[in-house]
1. Under the √(5λ) rule applied to the eigenvalues of the Cα gyration tensor, what semi-axes describe the equivalent ellipsoid of segment 236-349? Give them in Å, descending.
2. Per-residue ellipticity at 222 nm for the chain, helices alone: DSSP H runs ≥ 4 residues times -39500 (n - 2.57), over residue total, nearest 500 deg cm²/dmol?
3. DSSP loop (so not H, G, I, E, B), at most 10 other Cβ within 10 Å: list which GluC sites (Glu not before Pro) in segment 193-281 pass both filters.
4. Could you name the aspartates and glutamates whose alpha carbon sits less than 16 Å from that of LYS341, not counting residues in the same chain fewer than 8 places away?
5. Please work out the Cα center distance from segment 80-127 to segment 263-340, rounded to the nearest Å.
6. If the viscosity is 1.567 mPa s and the temperature 4 °C, what Stokes-Einstein diffusion coefficient in µm²/s follows for segment 23-175 when Rh is the Kirkwood radius over Cα pairs?
7. Can you put ILE331, ILE26, ILE34 in order, fewest other beta carbons within 10 Å first?
8. Starting with the fewest neighbours, write out HIS89, HIS285 ranked by other beta-carbon atoms found within 10 Å of each beta-carbon.
Amino acid sequence: MPEVELRGIGKRFGKVVASRNIDLKIADGEYLTILGPSGCGKTTLIRMIAGIIEPSEGSVLIGGRDMKGVPIEERDIGYVFQNIALFPHLNALGNVSYGPIVKDMDVRDIEEVPRRYLELVKLLDRMNMFPGELSGGEQQKVSLARALASGAKLLLLDEPLSALDARVRMDLRYELRRITKDLGLTVIHVTHDQEEAMTVSDRIVLMRNGQIVEANTPEQLYLAPKHLFTANFVGETNLLEGTVREILEDRTLVELRDGTVVEARPSSFRRGDAVILSIRPERVHPASQGMRAVVRSITFMGTYIRITVDTDSEDRVNFDVSTSEDRDYNIGDRVDLIWSKRSGTLYPRPPEGVQEAIKLE
């Protein structure tokens, strides 16, 4: 299984900098997802790994070998594109047989390998059907089987599910992880869908403006993001402006703009520091006494109800309640909100302003 290492990778298209100063190591057998908003440099990065484009600076190493000047067909990779790219004149079996034939495998492998991978993606019974006769999800499964049949141990997935319907995407992402883990592949998966990234990944690399913001496990990126941009992009959060009032051993007290004092996790900030407090909606709860607010909107989300309120500190806050909860909420209701000290994460208040710090481009 190949280890992939990027050393100081960067790419410029004229005056446009698509990526810069990227150092990253992907371990053998790791399922790594590159996540970020559109235009952040995700696809440029994966194409440099594949050899579709050459980096302007830095090195790509696969299995310890520098890939400079090595064409894509000699990198021993499988590549699944965003736009389903099957040969329309070949049936499913013919498409999946393409790799073994091009690699000049022996006749027995050319007959057996494509069938094995079509069976793996549960499409052996459709091997004689042409792409136009298959659903979108089935076509992408054939694309995956074709990439796997080449025998590559490194699989690159460039937005592989974005062209599919929501339900098909949900089903296929579980299949992707199951299949690639069963085969012991190293996978680099590009997506802008945070839920998709959280579901399939061993580790997520979050990008913005051509650079890596943060890399960690899905759990750590969600529960303990190191950067304000990460807290806002991965999942949903409420961002409240305040000032550190007091540092205690087990919590930090923060004074909001209306004078309300709330709790956050222990921190290294000092009294008087300007901060941004991040609170996930599912961590906010109504109580008999707390941060004062007025209900502005109520949205039914299926398993929960999203309540949006305007606080006395002029912040807009979302919190979630179960659809099984007895209490009814109405627009205009006064509510008090609380959360535990373990729920609030503090960040320095950005000098450029919060909106500039979290904007996607």
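FYI, it's all coordinate maths here, none of it is from the lab. Worth saying up front: this structure is predicted, and the values here are computed from it rather than measured. Every residue, glycine among them, receives a Cβ derived from its backbone with ideal geometry; neighbour counts consider all protein chains shown.
1. Numbers: eigenvalues 136, 38, 26 Å².
Whole-Å semi-axes of the equivalent ellipsoid: 26, 14, 12.
2. Working: 9 runs with 90 residues, N = 361.
Calculated at 222 nm, the ellipticity per residue is -7500 deg cm²/dmol.
3. Numbers: sites: GLU195, GLU196, GLU214, GLU219, GLU236, GLU241, GLU246, GLU249, GLU255, GLU263; in loops: GLU236, GLU249.
Of the GluC sites (Glu not before Pro), the ones in loops of segment 193-281 whose Cβ has at most 10 other Cβ atoms within 10 Å are GLU249.
4. Leaving aside aspartates and glutamates fewer than 8 places away in the same chain, those within reach of LYS341 are GLU246, GLU249, ASP250, GLU255, GLU263, GLU282.
5. Measuring centre to centre over Cα atoms gives 52 Å.
6. 78 µm²/s
7. On the way: ILE331 11, ILE26 23, ILE34 28.
Ordered by Cβ neighbours within 10 Å, fewest first: ILE331, ILE26, ILE34.
8. Fewest-to-most Cβ neighbours within 10 Å comes out as HIS89, HIS285.
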